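Since the structure comes first, as structure tokens, the remarks are kept for the end.
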Amino acid sequence: MNRIPSVSLRGGADADAAAAPPDPAALARWARAFCVIRFDLERGQLVEACFPPDALTAAGGGGGLDRLVAFSSFPDSMSHHLPRHRSSVHDSLFSFRVPDPSSPRRAFLYGFVFNRQRQDERLPRGGEQKSVVILSHAPYSSLFRLLLQILGPLCFDVGPSALAMVASHVAAWPAPAPGKPMELPIGSAALRVHLPPAADDPGPPPALLPANPSVPYGLFHDADLFAAFRGLLLHLWTLWELMVVGEPVLVVAPSPAQCSEAVAGLVSLVAPLLYSVDFRPYFTIHDPDFARLNVLAEGEVFPPMVLGVTNLFFLKSLKSIPNVVSVGSPNPNSTRVLPVGGQTPGIGTNGTPGKLKLDKLAINKFSPTSLLNSIKLRREGPLSLMTEHKEALWSTYAPTTKPDTSVLNRLVDAGVSPRIEESMSVVNNEILRRHFLELTTNFLAPFGPYLRTTTPSEGTSPFVDPPLLPPFHADEFVNGLAARGPGKFLSKRMRSNWLDLYRRFLEGPNFMPWFRQRRAAAEQEQQRLWRQARMNVDIEKLVSKMSELERIDSFNAVERYLLREMENSGRGSADSIAACQKLKGDLRAAFSVLPKDMQQLLLSNPKRAVLLQGSQEKAPGANGIVTQTSL
């Protein structure tokens with residue numbers, strides 16, 4: 001980050017909040033720990049300060065979380081392309097994801113890092129490194145990146161006391177509202193963020209394209225897709241497929257900031273699809289899973305994972321990974337791809353932004369030199385990165401989706417001005433996100449009939465059980481899809497082997513978790529719709545058209561739903577209490593049209609008799625005597 005906002009944490013009510021010790025439970029809703037980690041020349045990475053003080057050491061009963069977080073909070077010492085700067089201070093933001101040793105099931109923690117490298121000839125070895133880390137169970141990257149731009153510089157200005165100060169403000173925030181916009185006060189500022197949906201939120205129906213692509217429909221909606229993959233724009237559709245089918249991918253970049261941004265961008269590509277594959281924005285040899293991956297025999301299938309690395313050692317140790325993509329530039333301040341001659345493609349003579357020219361993209365233009373370079377790159381494979389970093393994709397995967405040149409033609413080249421570049425990057429990201437959101441939504445649309453809800457048709461009873469959703473069988477689905485075709489949108493963008501993509505998706509790790517989640521959401525929505533129909537139905541009009549047998553069935557059905565609602569009303573829900581009152585009235589109405597002998601038989605059950613009693617209504621007792629009772 002080049003610009004860090006200056007925020008004061010003093011004054012007013014916020015100062016009182018900062019002075020009060022934070023409520024641990026309230027703080028835990030947002031974050032596990034706030035840390036300052038120092039690189040010691042003799043002892044390596046050390047946790048210099050942490051709030052709460054035992055947040056890392058107590059987790060998992062000494063499961064090594066403190067060491068894992070410390071090792072993940074610095075650029076890898078074995079990285080071949082560490083940035084070199086003449087300036088004395090270099091700040092960077094990046095993220096990581098590590099297993100949570102305190103969780104009994106397979107859960108993860110997200111780390112968000114503000115790293116400062118300071119060069120000073122008066123210091124040992126000419127410099128020092130420190131990192132400020134926010135550790136959380138929630139992947140709220142858009143929020144914690146903003147918060148780090150406040151907390152990071154503040155820690156270097158006032159020291160570790162800033163951790164408790166900021167933690168107090170965070171603890172005072174309301175509970176997270178996943179999928180909703182929030183305004184969270186921090187000192188004299190307010191962080192305006194739109195949190196991503198919860199992991200168990202199925203998102204919009206697959207046949208319904210969200211109208212507003214700026215609203216997050218998955219994780220890491222804030223990732224800078226255009227900047228991360230600018231040199232590989234024509235490969236984005238292949239990368240999208242790799243993510244959809246759950247292929248393992250190794251992302252190599254010169255710095256943690258670039259590799260973590262690229263991994264976040266890849267995960268965000270498939271929204272609103274639930275991405276169920278393990279991903280690590282910044283993976284190091286100290287991760288506990290490295291030992292397992294390092295001993296995979298040659299030819300053994302690599303597990304579905306997306307790993308972001310800077311240590312080129314992984315190119316040799318993880319040779320069995322079939323898909324490797326290298327991104328970024330060794331100079332992080334030079335992210336634009338400049339053609340020979342030093343002129344930026346698409347820039348007008350007056351320096352204003354212009355269209356990004358497709359003929360400037362290397363793989364789109366044929367020449368003998370480019371052909372030889374392509375053959376050499378393929379022959380040498382990812383190990384060629386050991387001598388020179390270059391943006392490339394090595395993969396044995398045969399993609400089905402074709403690059404959409406109409407989307408690429410709309411992208412704008414920013415030029416040489418950093419301010420213009422930042423604003424144009426926002427525009428380009430909006431274009432790319434809109435397209436891939438539409439692409440994923442159309443890809444998932446054929447599953448819509450298996451997730452479609454129904455409501456009672458007019459004149460029918462809502463007191464019967466809703467019909468079951470159509471059963472799903474993969475073979476029948478594929479055969480039906482082959483007969484219907486992929487649809488207008490996909491047919492223009494996919495090759496003749498498009499059905500193979502659906503087969504891979506059905507067999508991959510993403511389909512079943514997504515489908516089960518969508519299925520459960522559809523069933524829940526259907527129950528809600530039928531319940532709403534029961535609340536709106538005119539029971540007297542409904543039973544007036546029924547036969548005697550149908551009226552008895554309706555009475556039993558109303559009673560069954562009333563008992564179910566009474567169980568829910570015990571939890572104090574105002575909605576359930578109102579539903580109980582409505583169903584009690586419906587039960588009495590259904591009872592009143594039954595034959596007298598049937599009424600007496602039903603009232604022989606004391607519990608049912610209580611349900612039928614009302615302050616304004618007389619009900620015949622079991623012995624035929626009319627009684628007046630009150631609920």
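Computed from the coordinates by the stated procedures, all read-outs in this text should not be read as laboratory data. Remember, it's a predicted structure, so these values are computed and weren't measured experimentally. We place every Cβ from the backbone using ideal geometry, glycine too, and count neighbours over all the protein chains shown.
Taking square-rooted eigenvalues a ≥ b ≥ c of the alpha carbon gyration tensor, is segment 255-314 rounded, prolate or oblate, where a/c under 1.5 means rounded and, failing that, a/b exceeding b/c means prolate?
Oblate, since a/c reaches 1.5 and b/c is not below a/b.
Using only the alpha-carbon atoms of segment 463-604, report the extent along each of the three principal axes, biggest first, to the nearest angstrom.
Projected onto the principal axes, the Cα atoms of segment 463-604 cover 70, 37, 25 Å.
Take the Cα of Arg484, step 7 Å along the line toward its Cβ, and report every residue of segment 432-468 whose backbone nitrogen sits under 19 Å from that point.
The answer is 438-455, 468, whose backbone nitrogens lie closer than 19 Å to the label point.
Taking 22 Å as the cut-off for C-alpha to C-alpha distance, list the pairs among Lys130/Lys180; Lys180/Lys582; Lys402/Lys488; Lys541/Lys607; Lys390/Lys492; Lys541/Lys584 that go past it.
Table pairs above 22 Å Cα-Cα are Lys130/Lys180; Lys180/Lys582; Lys541/Lys607; Lys390/Lys492.
Sum up the charges of everything whose Cβ sits under 12 Å from the Cβ of Pro595, counting Lys and Arg as +1 and Asp and Glu as -1, but leave Pro595 out.
0
With a sphere of radius 12 Å drawn around the Cβ of Gly64, what net charge do the other residues whose Cβ falls strictly inside it have (Lys, Arg +1; Asp, Glu -1)?
So the surrounding residues net to -2.
Just the C-alpha atoms of segment 217-316: what Rg/Rh do they give, with Rh taken as the Kirkwood radius?
Result: Rg/Rh = 0.95.
Looking at segment 147-298 from every direction and averaging, what is the projected area of its Cα convex hull in nm²?
Its average projected convex-hull area is 12.6 nm².
Over the Cα atoms of segment 215-260, how large are the radius of gyration and the largest Cα-Cα distance (Dmax), in Å?
In Å, with Rg to one decimal and Dmax whole: 11.5, 31.
I need the peptides 152-164, 458-470, 95-107 ranked by packing, meaning the mean over residues of other C-beta atoms within 10 angstrom, with the highest value on top.
Ranked from most to least packed, the peptides come out as 152-164, 95-107, 458-470.
Once both labels are modelled 7 Å past Cα along the beta-carbon direction, what's the Ser604-Asp289 spacing in nm?
In this crude spin-label approximation the distance works out to 6.5 nm.
If you bin the C-alpha pair distances of segment 424-541 every 10 Å from 0, what whole percents do you get?
Final binned percentages: 11, 31, 27, 20, 9, 2, 0.
Measuring from label point to label point, each 7 Å out along Cα→Cβ, what is the Arg516 to Lys582 span in nm?
So the label points at Arg516 and Lys582 sit 3.3 nm apart.
Apply the a/c threshold of 1.5 to the C-alpha gyration tensor of segment 451-494 and tell me whether it is rounded, prolate or oblate.
In terms of gyration-tensor shape, prolate.
Could you tell me which of rounded, prolate or oblate describes segment 475-542, using a ≥ b ≥ c as the square roots of the eigenvalues of the alpha-carbon gyration tensor, with rounded for a/c under 1.5 and, failing that, prolate when a/b is larger than b/c and oblate otherwise?
Since a/c reaches 1.5 and a/b is larger than b/c, the shape of segment 475-542 is classed as prolate.
Could you give P(r) for segment 496-579, binned at 10 Å from zero, as whole percent values over all Cα-Cα pairs?
P(r) for segment 496-579, in whole percents per bin: 14, 28, 23, 14, 15, 6.
FRET efficiency for Arg503 and Ser544, Cβ-Cβ distance as r, R0 = 51 Å, nearest 0.05?
Efficiency, rounded to the nearest 0.05: 0.40.
Roughly what would the spin-label model give for Arg118 and Leu563, points 7 Å off Cα along C-beta, in nm?
7.2
Applying a 10 Å radius around every beta-carbon, put 491-500, 259-268, 216-225 in order of their mean neighbour count, most first.
Highest-to-lowest ranking by the protection proxy: 259-268, 216-225, 491-500.
Return the FRET efficiency for the residue pair Gln532, Glu42: r is the Cβ-Cβ distance, R0 is 56 Å, and the value is rounded to the nearest 0.05.
After rounding to 0.05, the efficiency reads 0.25.
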